[in-house]
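What follows is one structure encoded as structure tokens, with my remarks underneath.
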Amino acid sequence: MIFLTVAKRIMKFEDSIFIQAPCEKVFAFFEEMDQNYLNWHPEHQVFEWRKGKGLAVGNVFYFEEELNGKLMKKETYFTDIIPNRYIEFKMTKGLYRWFIPKLTFIMEPEGDGCVFTGQVFLQGFGPLAKWANRKDFAAVRQHMKEEGQNLKRILEGSLATETAKGALSSPL
């Protein structure tokens, strides 16, 4: 008897950046994604909570972003949340969910800030499919890198603004 097995070929796109802000501040950014999504990256188009609001397992959100000139429309739900440390979400649609089994944001304390890591996991892409999609994959990597850089700029900028406001309002 012959058995055919389809091996899962998992690819992981990952980008990390140090942010001079506590993990709690990074986590809070995602808690208010409906207010922050459009400012996070110029290719972000739409964000809306579909079921629930905020970072809680089971909450569903929808977003649109442009990647490599293509408008991507995705609906996802949270599958694992560790406050101030870890956010995991998956696609709601079966085919998308199979190709993209999960996406994660990781916040790890380091010194007086944190290392933010974004991860996208893909599966089902053999060598030929990887080659055929190389431009799209390069666009995903670039987009993730820019999201990290923009998150750093936003949070470090707002931290500086809060510090300046505190200095102005503190008694002499």
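Take the residues of the range 5-31 that are modelled with pLDDT under 95, more than 12 Å from the chain's Cα centre (by Cα) and of a type outside the set (Gly, Ala, Ser): which is farthest from residue 141 (Cα to Cα)?
Only one residue fits best here, namely 5.
Determine whether the range 54-67 contains at least one residue that is aliphatic (A, V, I, L, M), under 29 Å from residue 133 (Cα atoms), modelled with pLDDT under 95 and more than 16 Å from the chain's Cα centre (by Cα). Give the derivation first.
Residues of the range 54-67 that are aliphatic (A, V, I, L, M), as a first pass: 55-57, 60, 67.
Those still in the list that are under 29 Å from residue 133 (Cα atoms) too: 60, 67.
With modelled with pLDDT under 95 added as a condition, the list becomes 67.
Then drop every residue that is not more than 16 Å from the chain's Cα centre (by Cα), which leaves none.
Within the range 54-67 (the criterion being aliphatic (A, V, I, L, M), under 29 Å from residue 133 (Cα atoms), modelled with pLDDT under 95 and more than 16 Å from the chain's Cα centre (by Cα)), the answer is no, since none of the residues qualifies.
Among the listed residues 151, 155, 122, which satisfies the condition of being part of a strand (DSSP E or B) and at pLDDT 70 or above?
Working: 151 fails: part of a strand (DSSP E or B); 155 fails: part of a strand (DSSP E or B).
That would be 122, the only listed residue that is part of a strand (DSSP E or B) and at pLDDT 70 or above.
Listed residues 75, 66; which is closer than 26 Å to residue 145 by Cβ, touching an Asp or Glu at 6+ places or on another chain (Cβ under 6 Å) and surrounded by 15 or more Cβ atoms within 10 Å (Cβ to Cβ)?
Working: 75 fails: touching an Asp or Glu at 6+ places or on another chain (Cβ under 6 Å).
When all the criteria are applied, what remains is 66.
Which residues, counting only those in the range 6-60, are assigned to a loop (DSSP other than H, G, I, E, B), under 14 Å from residue 76 (Cα atoms) and either touching a residue at least 60 places away in the same chain (Cβ under 8 Å) or touching a Ser or Thr at 6+ places or on another chain (Cβ under 7 Å) (or both)?
Start the filter on the range 6-60 by keeping residues that are assigned to a loop (DSSP other than H, G, I, E, B), which leaves 6-9, 20-22, 32, 41-43, 52-59.
Subset that is under 14 Å from residue 76 (Cα atoms): 52-59.
Hit for the range 6-60 is 57, nothing else.
Scanning for something closer than 21 Å to residue 28 by Cα and either out of contact with any Cys (no Cβ under 9 Å at 6 or more places or on another chain) or among the hydroxyl-bearing types (Ser, Thr, Tyr) (or both), does the range 92-100 turn up at least one residue? Show your work before the answer.
So in the range 92-100, the residues closer than 21 Å to residue 28 by Cα come out as none.
No, every residue in the range 92-100 fails to be closer than 21 Å to residue 28 by Cα and either out of contact with any Cys (no Cβ under 9 Å at 6 or more places or on another chain) or among the hydroxyl-bearing types (Ser, Thr, Tyr) (or both).
Looking at the range 128-143, is at least one residue modelled with pLDDT of 90 or more, in a helix (DSSP H, G or I) and polar (S, T, N, Q)?
In the first step, residues of the range 128-143 are kept if they are modelled with pLDDT of 90 or more; the result is 141-143.
When the remaining residues are screened for being in a helix (DSSP H, G or I), the result is 141-143.
Add one more test, that the residue is polar (S, T, N, Q), and what stays is 142.
Within the range 128-143, one or more residues are modelled with pLDDT of 90 or more, in a helix (DSSP H, G or I) and polar (S, T, N, Q).
Any residue that is assigned to a strand (DSSP E or B) and either under 15 Å from residue 144 (Cα atoms) or modelled with pLDDT under 95 (or both) - is there at least one of those in the range 79-93?
Here is the first cut: in the range 79-93, the residues assigned to a strand (DSSP E or B) are 79-82, 86-91.
Subsequent filtering for residues that are either under 15 Å from residue 144 (Cα atoms) or modelled with pLDDT under 95 (or both) retains 91.
Yes, the range 79-93 has at least one match.
Can you tell me which condition residue 51 does not meet? The list is (1) under 24 Å from residue 140 (Cα atoms); (2) at pLDDT 95 or above; (3) more than 15 Å from the chain's Cα centre (by Cα), and all the others hold.
Looking at each condition in turn, residue 51 falls short on (1).
The values are calculated or read from the model by the stated rules, or taken from the named source; none is laboratory data. It should be emphasised that the depicted structure is a prediction, and the values quoted were computed from it without experimental measurement. Glycine also receives a Cβ, built like all others from the backbone with ideal geometry; neighbour counts cover every protein chain displayed.
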